[in-house]
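Notes follow the structure.
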Amino acid sequence: MVRRRHSEIRERRGRGRSCVTSAAAFSQGRSSLTRARLLRETCRVTLEDRLSSFEGAWNADDLAERRRLIHLACAEDAVFVTHGAKSGLEEVLSGIGEFRKSFPAAIVTFATPDEHGGFARVAWKTAWNDGRTDLEGEDFIELAEDGRLRLIVSFDDPPAPDPER
């Protein structure tokens, strides 16, 4: 029966349904270890999926939607470091909320990430949509065991060229 469910989950993902939602629905009433195994074995949520959710959280105006997306993207103990550190999902959510309030027209996008041994880097861009020049930067990420983002260290603008070169 579990094998049938695994194939149904894969098939549903192919039709555009969320793999995480489908696996969670099939695993109702099971132990958390079994649910985690089902998600890991059937979904294979990629870093790109996690970053898509993270990007969506930065662009969502609705707090409930932002919370849903950040929980898909980030570990419970996530730390976001930019010009100040935000620790835990509620602080990260609060920081994103402040950003949305200050820059309601802004759109944040992420490029395709590079991943290596539980770490990743990804370029990003913030389009202010108010006449200002877009802001670009790069995030360095440590992944949690389940593949969610645990530590995000964000740098604005590309690094300055080395004057010696």
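Worth a mention:
- Pairs of Cα atoms farther than 19 Å apart, the range 47-156, %: 38 percent
- Built amide H within the under 5 Å cut-off of Ala75, gap 5+: Leu149, Arg150
None of the figures in this text is laboratory data; all of them are computed from the coordinates on show. Computed from a predicted model, the values in this text were never measured in an experiment.
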